[in-house]
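Notes follow the structure.
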Amino acid sequence: MTRPVTDFNAMVAGQGGDGSLTVITLLGNLLARRGFHLYTSRNVGSQVKGGHTAGLLRGTMVPRTGMGDSIDVFIAFDAEAIEKGGSRVAQDGFVVYDSSGGPLPDGHLSDGVTVLEIPFGRLAVRDLRRELFKNSFALGVISRILTIDDADTAAVIKARFAAKPELVDPNLQAMIEGFAYADEHDMAEGAGPIRLAKVKADDRILITGNDAAALGFLVAGVRFFAGYPITPATEILDFMTRHIEAYGGVAVQAEDELAAVNMALGAALTGVRSLTATSGPGISLMQEAVSHAGSAEIPLVVVDAQRAGPSTGMPTKSEQSDIAMLIHGGNGDFPRIVLAAGNATDAFELAVIATNLSQRIQGPVYLMLDQTVSQDSSTVPPFDLTTIEIDHGRRLNQHQLDVIGEYRRYSITDDGVSPWAMPGMPDGMSLVTGNEHDEWGKVSTEPRNRVDMMDKRARKTDAVLDDLPSGHRFGDDASTVGILGVGMQSGVMRETVELLASDGIELAGLQPRTIWPVPAETLAFVASKERVYVVEHNHSGQLAQILESVGHSTDTMRSILKYDGIAFTPLELADRIRTGEAG
Amino acid sequence: MTDTYRPAEPIWCAGCGHFGVEGALLLALSDLSIPKEETLVLAGIGCSGTIQNNLGTYGYHALHGRVLPTATGAWMANPKLTVIAAGGDGDGYAIGMGHLIHAFRHNPSFTYIVMNNGVYGLTKGQNSPTRHGTRPIDAILLGLSVLETTFVARGFTRAPEQLRDLTVRALKHARAGHGFAFLEVLSPCVTYNDTYALWDAEYVDLDTDGEHDPTNRSQAFSRVTELHAEGRIPIGLIHHTERDPTAALADPSAADIGPDSHIASYEDILDRYKVERHNR
Ligand SMILES: Cc1ncc(C[n+]2csc(CCOP(=O)(O)OP(=O)(O)O)c2C)c(N)n1
Ligand code: SF4
Ligand SMILES: [Mg+2]
């Protein structure tokens, strides 16, 4: 009667302090040991403690970046969890419900769902004197549902609490109580209702986009970081604070975002690769400085981990509504590059590329993430650290400066990039300013000079067009119908395309990784299709507007928009496309 | 030998106090024989925010109000540089005031010279937070009230020798790694707020006052508040303490970023994310 599973979705939900996330971690470890690819996500309110929290976990045979459509196993620590999440449980799914606080509320689960009601919390307090142990109790029960060997479950618990030995025994005890409960309910070891498939296991890491990006920046030689805490960008500040010092660098928690970005500018001015990372209101505050980096020609990298706006919006929810600001924000016209990562691997690779590009164009480069890409974790192949290259662009060493004869900080060149000497270098003295200036850096409003300088700066991005990261293609390239999206849409678009293909609807997919300047690849893709679905998490179709602004007709582009803070699932997105195709 | 920019001629109105600040700074740099290539002068936005163009050092024109964080970043990235931040009272005490308190608190080893003229010169005469008769703020008192401050002084362009001396002391303090050297200069704007006569009548020189002990913070605080009550404005070295230079500052500008030398340790970080497999 055991049903094999190849795509397993679990959810654990309860009040903030319940430890939902611990169960997800442990369950993830169990799946990973069997070779499953993982994706994990959290659904939290903005409050620090308490408030409803859900941890989500997906284990798959092939890598997936996103949750599936329905939940196979749902551990609900209270009635609210059932009320909020019950409808997501699959027809043949399992609900393990903590009945300590009352009976299972009616009317939230479909008929086929198997429910196990156990007063975990009460039993944990009674037998182990701490409610928190209910998590391992629950894990014991689930591992039996999934036909996982008891010894495996014990091993992940031991590993998890290795640093706190006093917690190992009570957690194991709780797990054994979970086994005992399973024994009484017809789920003996090796004979659960679900059996996980065996997957070929290769080396993998489980990492969030934020950590992957932060590691990429470190490896790319970033040695100065300034930030101000803000969800969902804070983990980059945390990572840098933990690691940068060991490499001779400095990470600062500034007094606000204005300070953070200007500190990064000051550090960049001295030739140190400098970074700041922020979100929402913080990226608004930084616009003046990004414009300044454009005018004064300072290499600056800014991560925007987007969250739902406007204003303080929904800090813990995902959105892609800063696209227009990143591309057009900041006063005046100045060149900039905007890269967008769709998963952790992208985040790592693009962090390296963004850092080098900022040096090459001596100007601002954004790495755009969104809460989903930033904070969800997935298993990906370990990053290749052996092929990283550091590109110094047109930076001068002392010898090169000495033979140049005459040094002008803003000398006008064919590709717009001026050779660059750092403070501290003899004979390289310069004036750096955001005011319009002549080649020497002296403030100037002379019309001819103004035009030359504007054109010079604009040429810098043209010169790197061929080196901007290309996008990821998927689906059937020959199809006349395309689907296009960035960031959090990347994983779900792929699954949707596979799903529709199995119904005979073929789509060509593109996930651009450079969104500004709009690369030739994107232009050609859109131009070659009769219809392109542009999938975005925002209200106004910002990405489609950008494509329109570079000449694409709105007749062929169809926006698929969502702005409720929740990522698309494959079926949901497929339905939107089916509706589009029917109309 | 490579040539670079020629220092600009000041753009200030004849009689502007900012000339005095520039003169004192140039003398102090030469008194201390600080090479120009090792000097980075960052200025705010305002008439005052053009001083960096006239010196022949590395110069940077920060955003309005942001000269302190920019200087902080530059100094942290390369603490070998002699970093000097300069700007107006609007720049430092209005739009940029939030940063001043944090600079006092963090005590980074660079010099900050505020050219206080009680007015927004560049935008033609609006009140600044220090304008006489507008419930003005006193940044010296503010500095004294942040317990981390190590150097708080005020000069007056009418007392050029003292101003040169205070500038020298400020630069020495910062260069020795004692921390943030804060020097406010009464620097009248002859065009929009001519305060020469006013300050001539109001100033009291604490450097020549045998009673004043600049190492005693609370005495300095009381003295400054008492003088305010009398309608007087103190100049001189108001407060000074020597902090032990911060042990072994990081110097990111000298960090080795070549990936090859770090691959093993980058791999160690990556390893922390490795997924444990069952049947390896
Ligand atoms: C964000 C921003 N707001 C306003 C201005 C306009 N602005 C330029 S200088 C200045 C005030 C300068 O006064 P102060 O700092 O006292 O310098 P002073 O000219 O008196 O030396 C203002 C408001 C600006 N450049 N940037
Ligand atoms: S307007 Fe005032 S501050 Fe500006 S240069 Fe003239 S006198 Fe100096
Ligand atoms: Mg002023």
In the full protein assembly as shown, how much of A:ASP238 is accessible to a 1.4 Å probe, in Å² to the nearest 10?
-> 70
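If I take R0 = 51 Å and measure r between the Cβ atoms of A:SER311 and B:ALA254 in this structure, what FRET efficiency does the formula 1/(1 + (r/R0)^6) give, to the nearest 0.05? Mind showing how you got there, number by number?
Numbers: r = 42 Å, r/R0 = 0.83.
Plugging the Cβ-Cβ distance into 1/(1 + (r/R0)^6) gives 0.75.
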Sequence-separation-based contact order of the range A:3-196, relative, with Cα cut under 8 Å and 6+ spacing, percent | 20
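In Å², what does the accessible area per residue of chain B work out to with a 1.4 Å probe? Working shown, then result.
Numbers: 11180 Å² over 280 residues.
Using a 1.4 Å probe on heavy atoms only, each residue of chain B averages 40 Å².
Under the rule of -39500 (n - 2.57) per DSSP H run of 4 or more residues, summed and divided by the residues of the protein assembly as shown, what mean residue ellipticity at 222 nm is obtained, to the nearest 500 deg cm²/dmol? Each step should come with its number before you reach the end.
Details: 28 runs with 307 residues, N = 863.
Theoretical 222 nm ellipticity from helices: -11000 deg cm²/dmol.
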List of the range B:78-107 residues, accessible area with partners at least 30 Å² below that of the chain alone (1.4 Å probe) = B:LEU81, B:HIS99, B:HIS102
The protein assembly as shown, accessible surface, carbon-and-sulfur percent (1.4 angstrom probe) | 51
Per residue in the range A:268-317, which ones lose no less than 40 Å² of accessible surface when going from chain alone to all protein chains (1.4 Å probe)?
-> A:LEU269, A:THR270, A:VAL272, A:GLU288, A:HIS292
Relative to the first principal axis of the alpha-carbon coordinates of chain B, what is the inclination of helix B:18-31, with its axis defined by its Cα atoms, in degrees from 0 to 90 and to the nearest 10?
-> 60
Only counting protein heavy atoms at a 1.4 Å probe, give the residues of the range A:412-440, ordered by number, whose accessible area falls by 10 Å² or more when the other protein chains are present relative to the chain alone.
-> A:PRO423, A:GLY424, A:PRO426, A:ASP427, A:MET429, A:SER430, A:LEU431, A:VAL432, A:THR433, A:ASN435, A:TRP440
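Once you sort the root eigenvalues of the Cα gyration tensor of the range A:236-365 as a ≥ b ≥ c, which label holds: rounded (a/c under 1.5), prolate (a/b larger than b/c) or oblate (the other case)? Mind dumping the intermediate values first?
Details: a/c = 1.34, a/b = 1.13, b/c = 1.19.
Rounded, because the longest to shortest axis ratio a/c is under 1.5.
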Round to the nearest 10 and report in Å² the accessible area of B:HIS106, as given by a 1.4 Å probe over the protein chains' heavy atoms.
-> 100
Dipole moment magnitude, nearest 20 debye, the protein assembly as shown about Cα centre, only Lys, Arg, Asp, Glu C-beta charged = 320
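Filter the trypsin sites (Lys or Arg not before Pro) in the range A:145-201 to those in DSSP coil with at most 11 other Cβ atoms within 10 Å of their Cβ, and list the result. It would help to have the intermediate numbers written out before the result.
Working: sites: A:LYS158, A:ARG160, A:ARG195, A:LYS198, A:LYS200; in loops: A:LYS198, A:LYS200.
The qualifying sites are A:LYS200.
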Expressed as a whole percent, how much of the Cα-Cα distance distribution for the range B:141-247 exceeds 21 Å?
-> 35
Is the shape of the range A:3-196 best called rounded, prolate or oblate, per the rule: a/c under 1.5 gives rounded, else a/b larger than b/c gives prolate, else oblate, with a ≥ b ≥ c the square roots of the Cα gyration tensor eigenvalues?
-> rounded
Interchain or long-range residues, amide H under 5 Å from A:TRP516's placed H = A:VAL338
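Between beta-carbons, use under 10 Å as the cut-off and find the net charge around A:GLN489, counting Lys and Arg +1, Asp and Glu -1.
Working: positive: A:ARG494, A:LYS562; negative: A:ASP370, A:GLU536.
Summing Lys/Arg as +1 and Asp/Glu as -1 gives 0.
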Which lysines, on any chain, are close to A:LYS460 with Cα under 27 Å apart, when same-chain ones fewer than 8 places away are left out?
-> A:LYS442
By a straight-distance test (C-alpha under 20 Å), which lysines pair with A:LYS200 as possible cross-link partners, with residues fewer than eight away in the same chain excluded?
-> B:LYS274
Karplus couplings for the range A:528-539 from phi (6.51 cos²θ - 1.76 cosθ + 1.60, θ = phi - 60°), rounded to Hz, Gly and Pro as x?
-> 7, 10, 7, 8, 10, 7, 9, 9, 8, 9, 6, 8
Cα-based reach from A:LYS84 at 22 Å (exclusive), listing lysines while leaving out same-chain residues under 8 positions away = A:LYS49, A:LYS134, A:LYS317, A:LYS562
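For the interface of chains B and A, what total accessible area is buried with a 1.4 Å probe, rounded to the nearest 100 Å²? Display every interim value, and only then the final one.
Working: alone 14150 and 23310 Å², together 31700 Å².
For B against A, buried area totals roughly 5800 Å².
Below 8 Å between Cα atoms, with a sequence gap of 6+, how large is the relative contact order for chain B in percent? Write down the numbers at each step before the final one.
Working: 533 pairs, mean separation 50.5, N = 280.
18 percent.
How high is the FRET efficiency from A:LEU561 to A:ALA520, r the C-beta distance, R0 25 Å, rounded to 0.05? It would help to have the intermediate numbers written out before the result.
Details: r = 26 Å, r/R0 = 1.05.
That gives a FRET efficiency of 0.45.
Once R0 is set to 45 Å, what does the formula 1/(1 + (r/R0)^6) return for the Cβ-Cβ distance between A:SER528 and A:ASP384, expressed as a FRET efficiency to the nearest 0.05? Intermediate values should be presented prior to the final figure.
Values: r = 32 Å, r/R0 = 0.71.
FRET efficiency, A:SER528 to A:ASP384: 0.90.
Shape call for the range A:124-272 from the C-alpha gyration tensor, a ≥ b ≥ c root eigenvalues: rounded (a/c under 1.5), prolate (a/b greater than b/c) or oblate? Intermediate values should be presented prior to the final figure.
Details: a/c = 3.60, a/b = 2.46, b/c = 1.46.
Note, shape of the range A:124-272 comes out prolate.
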What nm value, rounded to one decimal, do you get for the distance between A:LYS164 and B:LEU32 when each label is placed 7 Å out toward the C-beta?
-> 5.1
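Run through the range B:1-84 and list the trypsin sites (Lys or Arg not before Pro) located in a DSSP loop whose Cβ has at most 15 other Cβ atoms within 10 Å.
Details: sites: B:LYS36, B:ARG66, B:LYS80; in loops: B:ARG66, B:LYS80.
In loop regions of the range B:1-84 (DSSP not H, G, I, E or B), the sparsely surrounded trypsin sites (Lys or Arg not before Pro) are B:LYS80.
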Loop-resident GluC sites (Glu not before Pro) in the range B:189-280 with no more than 13 other Cβ atoms inside 10 Å, DSSP not H/G/I/E/B, are B:GLU211, B:GLU230, B:GLU242, B:GLU276
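What number, in percent, do you get for the relative contact order of chain A if the mean sequence gap of Cα pairs under 8 Å and at least 6 apart is divided by its residue count?
Working: 1288 pairs, mean separation 66.9, N = 583.
This gives 11 percent for chain A.
Using a 10 Å cut-off on Cβ to Cβ distances, tally the other chain neighbours for every residue of B:50-59 and report the average as a whole number.
4
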Label A:ALA180 and A:GLU506 with points 7 Å out from Cα along Cα→Cβ: what is the distance between them in nm?
-> 6.1
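If you add up the charges near A:ALA421, with Lys and Arg at +1 and Asp and Glu at -1, over every other residue whose beta carbon is less than 15 angstrom from its beta carbon, what do you get?
On the way: positive: A:ARG394, A:ARG395, A:ARG408, A:ARG409, B:LYS36; negative: A:GLU297, A:ASP402, A:GLU406, A:ASP427, A:GLU439, B:ASP3, B:GLU37, B:GLU38.
Net of charged neighbours comes to -3.
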Net +/- balance of residues flanking B:ALA24 in space, Cβ distance below 11 Å, scoring K and R +1, D and E -1 = -3
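The values are calculated or read from the model by the stated rules, or taken from the named source; none is laboratory data. Quantities reported herein were computed from a predicted structural model and do not represent experimental measurements. When we count neighbours, we look across all protein chains shown, and the Cβ atoms used for this are built from the backbone with ideal geometry, even at glycine. These area figures cover heavy atoms from the full protein model, side chains too; ligands, DNA and RNA do not enter into them. Shrake-Rupley method; radii C 1.70, N 1.55, O 1.52, S 1.80 Å.
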